[in-house]
Amino acid sequence: SQIKDAVLQFVLGVTSALPESVLPEFAFAGKSNVGKSSLLNALVNRKALARTSAQPGKTQTINFYRVNGAVYFVDLPGYGYASASEAVKASWGKMIERYLHEDKQLRAVFLLLDLRHAPSENDVLMYNWIIDQGLPAVLVGTKADKLKRSQLEKQKKLLRETLGAPKETPLILFSSVTKQGREELLRLVAEMAKQ
Ligand code: GDP
């Protein structure tokens, strides 16, 4: 799939109003360091559209990238910094919850999970948040290049089982190094944007 154009259009803080967008939105969630910035950059063929490895304690924002003038990729702040203060964790939760709950253009949430590990408690919480809002979840196993083929099958099973995700829920193996999964992911976005 061709990405001709990607621009950062809105940045939401804790108290910002949701943008009055009319384009379909696809959100990307995951714990910090899962490879979310790398994935977003790989999707749009940029080196540094999305920030990489944001530092703990830095301002947490929801960033809207308009892609091809047709959809938004919405970068949700990464979670799971052990060192984040309770105040930061609470404001993070409020911001995400409000967005998932109130944004009418949101079509699906891509939940990124590092294929090398079992999903964390926060991953399970995030998955349940998505489902509870009645939103389609797409699971994305990241850093696929780091595993052998035999391990990949085992980890896919572990991800599904830990989250309790039915087999209808798509699970895409992704690598921002080899670009594995890029076309599949963009195809899903294109399909869901039409619905
Ligand atoms: P974020 O915090 O979720 O935005 O994660 P980043 O995209 O900044 O990636 C965190 C670290 O994982 C960085 O050192 C990346 O180079 C590395 N990384 C991200 N994606 C991949 C991948 O697909 N394969 C490999 N081998 N490393 C990756």
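The values are calculated or read from the model by the stated rules, or taken from the named source; none is laboratory data. Values in this document were obtained by computation on a predicted structure and should not be read as measured data. Ideal geometry is used to build each Cβ from the backbone, glycine not excepted, and the neighbour counts take in all protein chains shown.
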Exercise. Give the residues of the range 112-156 that are touching a strand residue (DSSP E or B) at 6+ places or on another chain (Cβ under 7 Å), more than 12 Å from the ligand (Cβ to nearest atom) and not in a helix (DSSP H, G or I), sorted by residue number.
Key: Pro119, Ser120, Leu135, Pro136, Ala137, Val138, Leu139
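Quick one: in the range 2-52, which of the residues that are in a strand (DSSP E or B), touching a Ser or Thr at 6+ places or on another chain (Cβ under 8 Å) and within 16 Å of Leu112 (Cβ to Cβ) is nearest to the ligand (Cβ to nearest atom)?
That would be Gly30.
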Exercise. Can you give me the number of residues within the range 69-102 that are farther than 20 Å from Glu20 by Cβ, assigned to a loop (DSSP other than H, G, I, E, B) and either within 13 Å of the ligand (Cβ to nearest atom) or at pLDDT 90 or above (or both)?
Key: 4
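If you go through the range 160-171 one residue at a time, do you hit one that is within 16 Å of the ligand (Cβ to nearest atom), among the hydroxyl-bearing types (Ser, Thr, Tyr) and within 25 Å of Glu25 (Cβ to Cβ)? Before you say what the answer is, go through the steps one by one.
Taking the range 160-171 and keeping what is within 16 Å of the ligand (Cβ to nearest atom), we get 171.
Remaining after also requiring among the hydroxyl-bearing types (Ser, Thr, Tyr): none.
For the range 160-171, residues within 16 Å of the ligand (Cβ to nearest atom), among the hydroxyl-bearing types (Ser, Thr, Tyr) and within 25 Å of Glu25 (Cβ to Cβ): absent.
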Self-check item: Residue count, the range 157-183 (criterion: under 15 Å from the mean Cα position of the chain (by Cα) and part of a helix (DSSP H, G or I))
Solution: 1
Practice problem: Looking only at the range 34-47, decide whether some residue is at pLDDT below 85, under 23 Å from Val138 (Cα atoms) and exposed (fewer than 15 other Cβ atoms within 10 Å of the Cβ). | Solution: yes
Quiz item: Out of the residues in the range 125-134 that are over 14 Å from the mean Cα position of the chain (by Cα) and surrounded by 14 or more Cβ atoms within 10 Å (Cβ to Cβ), which is modelled with the lowest pLDDT?
Solution: Gln133
